[in-house]
Amino acid sequence: MRQPALTTTVSYQALQSHAAEARDWQMRQLFAADPQRFPALTVDAAGLFLDYSKNRLDGRTVELLVDLARERGVEAQRDAMFAGDKINLTEHRSVLHTALRMPRGKALVVDGQDVNADVHAVLDRVKAFTDKVRNGTWLGYSGKPITDIVNIGIGGSDLGPKMAVLALRSYAHPRLKMHFVSNVDGHDMDAVLAQVNHETTLFIVASKTFTTAETMLNAQTARRWFLCEGREEDLARHFVAVSTNKEAVSKFGIDLDNMFPFWDWVGGRYSVWSAIGLSVALAVGFGYFQTMLEGAHAMDEHFRTAPLAQNMPVLLALIGFWNRQFLGATSLSIAPYHQDLNRFPAYLQQLDMESNGKRVTKGGQPVDTPTCPIVWGECGTNAQHAYFQLLHQGTDVVPIDFIAALRATHDLAGHHDALLANCFAQSEAFMKGKSADEVRAELQAQGLTDAKIDELVPHKTFPGNRPSNTILMDQLTPATLGALIALYEHKTFVQGVIWDIASFDQWGVELGKVLAKKIQAELEGDVDPGAHDSSTNGLIVMAKGAKVP
Ligand code: F6P
C-alpha cells in the first residue's frame, strides 16, 4: 500500500509540535520532576532490559511516537513479514529470517513450501556435520581431526558469524580455532594461511549468491593452497559450502553433499541464523547454536505480540527516530561494555545502514525526512579513552546505546564492577553534564584564583542532556546474544516502516562492484585507462607503474 509522505501524517505533525516544546527540556529536570521516570521508561523482554529514561522525552513523547508507529502501519507490516508476504518489493521476496528460529513443527507454508520443515531439515544436517567435526570423527585427508576452520565470506556471510563466534568465545570448543577471511585484500587470506595446516583445516565457503567477487577469489586461493598438499579427491573433506546457489557450488567443485542450503527469503545481513551460522555451530556446538535461535525466537514473540508502547524493538526504533528527526542526531554510537561484543558495532553497521541507508520511499519518491543515521562504535572502556571526548563536549549530539551484562563470564576479581561502574558513570555524565556553576564551585574549593577559574570554566563545562539507552542482560549467553541481535533486527525493520523504505534490498552496493570489474581489467591487461576522470585515470596509472614487470 502506498504510504503518504511522512511529514504529512497527523501523528508526525503532532510530534513536530510536541518537539518544539521538548527542544528546551533538560533531562536533569525531567528526572528531578518525576521519581518514577526509571520504572516508567524501562522495559523487559526475552532476557533483555532496556532503560530509555536517559533520552530527551517523556511519557507523552512516547505516546505520540507510538501513534506514529500505528499510523505508519507497523503492526500490519510486522504481521505481513512474519506471515511470509513478499514485503521485499524490489526483489519480490518474502523476508523470513524469523522462520529460521521458529521451533520445529510450527506451521508456515509460503508459496506451497513448508518453510518450517525445510529449515529444520537443514538444521538437522548442520547438527550432524558439526557434531562430527567437533567430536573428531570428521577427519582430514591424512586421518587427523580438524583443528582449524576458515570461514570465507563477506558482508552478512562474515559479519554475523564472526561477531557471534567472538561473543560466545567462552563456549568455544577447545580444539577448534576459528578464522574469518573476508577481504579481497590478499593480506587477509595470507595471514590466516600462515597459521593453518593443510591436513587439519576445514574451509567453509559462505556466500548466499556464490558469485560475490571477493569470496570467489578467496575461495579459489584457498583451493589452490590446499591442492599444494592435498589431492582433488581430498577436497570433499576440507571444503564445504553454504549457499542458495547449487549450480555455482557444484561448478566450484564442492560436493553437493557438503553444501548447506538456505533460501532467497533470507537477507544476507539476516543470515547468521541460517546455515551461514555453520561456523558458530562448529565453535560452540549445535546445542548452543540452537539456544541462540531460541533467544532470538523469544524476542520475535515479544515483537509479534507485545503492545507497541511496551514493545522493546518498537521503542528502540521510535527513540532512534525521535533523536534523528527532532534532535538532529546524524549518527548513533554503539558502546558495548563487553569485550566479547567487540564486533557487534560492525555487525550493526551492515544491519542498519545496508537496510535503511536509502533516500527514496518504496514508491520511489524522495523520503521527506532524514533516514538512517551513521552507526559506529567501539567497546567501552576503550572508547572512553578515544572519542568519548567529542561525545561529551563536541558540537554534535550523538546518541549512544550502552550494552552490558550484569554478570561476567570470567572470574577475574575486580574487573566487572570496574566495567559496570564506567558504563553507568558515562550514561550519567552524558545525561547530567556539569554546569558552569558546578565547575566554578569546584575550582573555588581547590583555591584557584578568579582569573584562572574564568579561564578554565568554559573548558571544564559539560553541556550534558545527551541521550542514551542502556541495554542490560544478566550474562552474555547464546540466548541473550540471540535476543540482542533480534532486537536490533526488528528495530531496523520498524524504522524502515516509519520511513517507508525498502529495507531489504541493497542496490547501493552495485555501482562500485561494476566499476571495480572494469578497473581490474585495466590493471591486469593492456587496456589503456583513459575512459575515467583524471583522478581515477591517474591512480590507475600509478598502480600499473608500481607493478614489477
Ligand atoms: O554486496 C552486498 C552484499 O550483497 C551483502 O548484502 C551481502 O551480505 C554480501 O554482499 C555478501 O553476499 P553473498 O553472501 O551473496 O556473498
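The values are calculated or read from the model by the stated rules, or taken from the named source; none is laboratory data. This one's a predicted model, so the numbers in the text were calculated from it and none came from an experiment. When we count neighbours, we look across all protein chains shown, and the Cβ atoms used for this are built from the backbone with ideal geometry, even at glycine. These accessible areas exclude ligands, DNA and RNA; they are computed on the full protein's heavy atoms, side chains included. Shrake-Rupley method; radii C 1.70, N 1.55, O 1.52, S 1.80 Å.
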(Q) Run the simple label-point estimate for TYR387 and ALA5 please: 7 Å along Cα→C-beta, distance reported in nm. (A) 3.3 nm
Q) Hey, with R₀ at 41 Å, roughly what FRET efficiency would GLU229 and VAL527 work out to, going by the Cβ-Cβ distance, to 0.05? A) 0.65
Q.
Rolling a 1.4 angstrom probe over the protein chains, ignoring ligands and nucleic acids, what is the accessible area of LYS246 in square angstrom, nearest 10?
A. 120 Å²
**Q.** Loop-located trypsin sites (Lys or Arg not before Pro) in the stretch 280-389 whose Cβ has at most 15 other Cβ within 10 Å (DSSP)
**A.** ARG359
**Q.** Surface accessible to a 1.4 Å probe, per residue, for the residues of the stretch 1-106, Å²
**A.** 48 Å²
**Q.** Sites ARG104 and THR42 - FRET efficiency at Förster radius 45 Å, r taken between beta-carbons, to 0.05
**A.** 0.85
Q. Any idea what angle helix 415-432 forms with the longest principal axis of the chain, computed on alpha-carbon atoms, 0 to 90 degrees, nearest 10?
A. 50 degrees
Q) What is the Å³ per residue value for the convex hull set by the Cα atoms of the stretch 97-289? A) 109 Å³
Q: Using only Cα atoms, tell me the angle between helix 478-499 and the longest principal axis of the chain; keep it within 0 to 90° and round to the nearest 10.
A: 70 degrees
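Give me the orientation-averaged projected area of the Cα convex hull of the stretch 469-549, in nm², one decimal. Display every interim value, and only then the final one.
Working: hull surface 42.7 nm².
In nm², the orientation-averaged hull projection of the stretch 469-549 is 10.7.
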(Q) Could you sort SER333, SER250, SER182 by their accessible area in this structure, using a 1.4 Å probe and putting the largest first? (A) SER250, SER182, SER333
(Q) Using protein chains only and a probe of 1.4 angstrom, how many square angstrom of ILE204 are accessible, to the nearest 10? (A) 0 Å²
Q | Helix-only mean residue ellipticity at 222 nm for the chain, each DSSP H run of n ≥ 4 adding -39500 (n - 2.57), per residue, nearest 500 | A | -14000 deg cm²/dmol
Q: Using only Cα atoms, tell me the angle between helix 510-524 and the longest principal axis of the chain; keep it within 0 to 90° and round to the nearest 10.
A: 50 degrees
Q.
How large is the translational diffusion coefficient of the stretch 232-342 in µm² per second when you combine the Kirkwood radius over alpha carbon pairs with Stokes-Einstein at 37 °C and 0.692 mPa s?
A. 186 µm²/s
Q: Mark the label point 7 Å from the Cα of LYS547 along Cα→Cβ and return the residues of the stretch 490-521 whose backbone N is within less than 20 Å of it.
A: 514-521
**Q.** Within the stretch 258-291, backbone nitrogen closer than 19 Å to the virtual label 7 Å beyond the Cα of HIS120 toward Cβ
**A.** 261-263, 273-275, 286-291
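Using the C-alpha atoms of the stretch 1-151, what convex hull volume per residue, in cubic angstrom, is computed?
On the way: hull volume 34.0 nm³, N = 151.
About 225 Å³ per residue, rounded to a whole number.
Over the chain, what percent of the accessible surface lies on carbon and sulfur atoms, probe 1.4 Å? Walk me through the numbers on the way to the answer.
Details: 12920 of 23700 Å².
Accessible surface attributable to carbon and sulfur in the chain totals 55 percent.
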Q: Round to the nearest 0.05 the FRET efficiency obtained for THR369 and ALA441 when R0 = 45 Å and r is the Cβ-Cβ distance.
A: 0.60
Q) Counting only residues 5 or more places away or on other chains, whose amide H sits under 5 Å from the amide H of ASN151 once H atoms are built in the peptide plane? A) HIS179, PHE180, VAL181, ILE204
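Within the stretch 447-549, list the trypsin sites (Lys or Arg not before Pro) lying in a DSSP loop whose Cβ has at most 14 other Cβ atoms in a 10 Å radius. Please report the intermediate quantities before stating the final value.
Values: sites: LYS452, LYS460, LYS491, LYS513, LYS517, LYS518, LYS544, LYS547; in loops: LYS547.
Filter output for the stretch 447-549: LYS547.
In Å, the Kirkwood hydrodynamic radius of the chain over pairs of distinct alpha carbons? Present the calculation step by step, with values, prior to reporting the outcome.
Details: mean 1/r = 0.0393 Å⁻¹.
Its Kirkwood hydrodynamic radius stands at 25.5 Å.
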